[in-house]
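Here is the structure we will look at.
Nothing in this text is a laboratory measurement; each read-out follows from the coordinates by a stated rule. Computed from a predicted structure; not experimentally measured. Counting neighbours? That spans all protein chains shown, and the Cβs are built from the backbone with ideal geometry, glycine included.
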Amino acid sequence: MSNVNKPQRTFIAALLATLIVFQGKATYRNMNRYSGMSEKRFSRWYSRSFDFALFNRRIIAHALPENDRIAAIDASFISKSGKLTEGLGWFYNGSVGQSQHGLEASLISLIDLKLNTAFALDVRQTLDQNHKTRVEAYAEQVVEIAPELQEQGILYLVGDAYYSKEKFVSPVVKAGLKLVGKLRTDADLQWFYEGNIVELDAPKSLMERSVLKRIYIVLSTLVVYKKV
């Protein structure tokens with residue numbers, strides 16, 4: 001990583017060594033106890049950017065064989081008490097099946113299809129922004145990381161039913177990736193009526209609703225499995 005100078009390289013190496021051995025929460029004060037760096041030094045370097053996505057990509061390329069891979073996106077809930085932490089809000093906690101007050105991190109991972117293992121590539125805290133939905137924020141993360149995925153020959157991104165929304169699908173497809181996901185179980189799909197319209201009858205624009213069990217999306221093509 002030619003864009004990382006020697007002082008930052010020294011700090012990142014010491015930081016990773018500290019994160020391996022420390023116990024408790026990763027606060028500046030706590031990490032100070034397990035390293036030779038002061039709280040002020042942690043604060044100063046944490047305020048500077050570092051390309052962790054490229055860093056993780058280089059590690060994965062160095063340590064793992066070049067197997068077929070796909071990408072996946074999902075969000076993780078982080079419990080957090082208090083009122084002053086940035087990013088606090090109501091997020092869905094999958095472990096309890098309901099929304100809770102805390103933090104959220106959006107993670108894009110690489111999935112090795114032979115090793116059946118996911119490796120973290122890029123993680124970002126979900127921060128609510130004015131005039132922008134969370135789905136749009138997730139889409140921006142994918143669009144920014146899309147060139148790195150394509151350089152590795154990764155064209156497919158997998159997400160659950162939450163990401164099957166127009167505001168997410170359209171930017172991802174425009175970025176050159178193919179989305180693999182599924183619609184919600186209560187999705188209501190209708191098709192335009194292409195038959196003859198009798199003038200005496202009311203105009204018919206939509207066909208009857210279809211009862212579906214699963215709907216998987218690949219790009220803009222729907223593969224439908226009818227309920228038996």
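If you bin the C-alpha pair distances of region 1-145 every 5 Å from 0, what whole percents do you get?
2, 8, 14, 16, 18, 20, 14, 7, 2, 0
Taking the Cα centre of region 37-137 as origin, sum charge times position over the Cβ atoms of Lys and Arg (+1) and Asp and Glu (-1), and report the length of that vector in debye to the nearest 20.
So the dipole magnitude of region 37-137 works out to roughly 420 debye.
Using amide H atoms built 1.01 Å from N in the peptide plane, name the residues 5+ places from residue 126, or on other chains, whose amide H lies under 5 Å from its own.
When sequence neighbours closer than 5 places are left aside, the close amide H contacts are 104, 105, 106.
Roughly what would the spin-label model give for residue 49 and residue 184, points 7 Å off Cα along C-beta, in nm?
The modelled label-to-label distance comes out at 3.5 nm.
Please report the net charge: other residues with Cβ closer than 13 Å to the Cβ of residue 87, K and R +1, D and E -1.
With Lys, Arg at +1 and Asp, Glu at -1, the net is +1.
Mind listing the phi-derived Karplus ³J(HN,Hα) values for region 160-174, rounded to whole Hz, using 6.51, -1.76 and 1.60 with θ = phi - 60°, and x for any glycine or proline?
7, 5, 5, 8, 7, 10, 4, 5, 9, 5, 4, x, 5, 5, 5
Along Cα→Cβ, 7 Å out, is where each label goes; now give me the distance between the ones at residue 10 and residue 140 in nm to one decimal.
Spacing of the two 7 Å Cα→Cβ label points: 3.5 nm.
What's the FRET efficiency of residue 119 with residue 98 using the Cβ-Cβ distance as r and R₀ = 22 Å, to the nearest 0.05?
Efficiency for this residue pair is about 0.15.
Just flag the GluC sites (Glu not before Pro) in region 77-172 sitting in loop per DSSP whose Cβ has no more than 10 other Cβ atoms within 10 Å.
86
For residue 34 and residue 90, FRET efficiency with R0 = 35 Å and r from the beta-carbon atoms, rounded to 0.05?
It comes to 0.55.
Is there a pair in 132/167; 25/83; 132/174; 80/182 whose C-alpha atoms are over 22 Å apart, and which pairs would that be?
The pairs that break the limit, which is 22 Å between Cα atoms, are 80/182.
With label points built 7 Å along Cα→Cβ from the Cα atoms of residue 150 and residue 166, find their separation and express it in nm.
2.5
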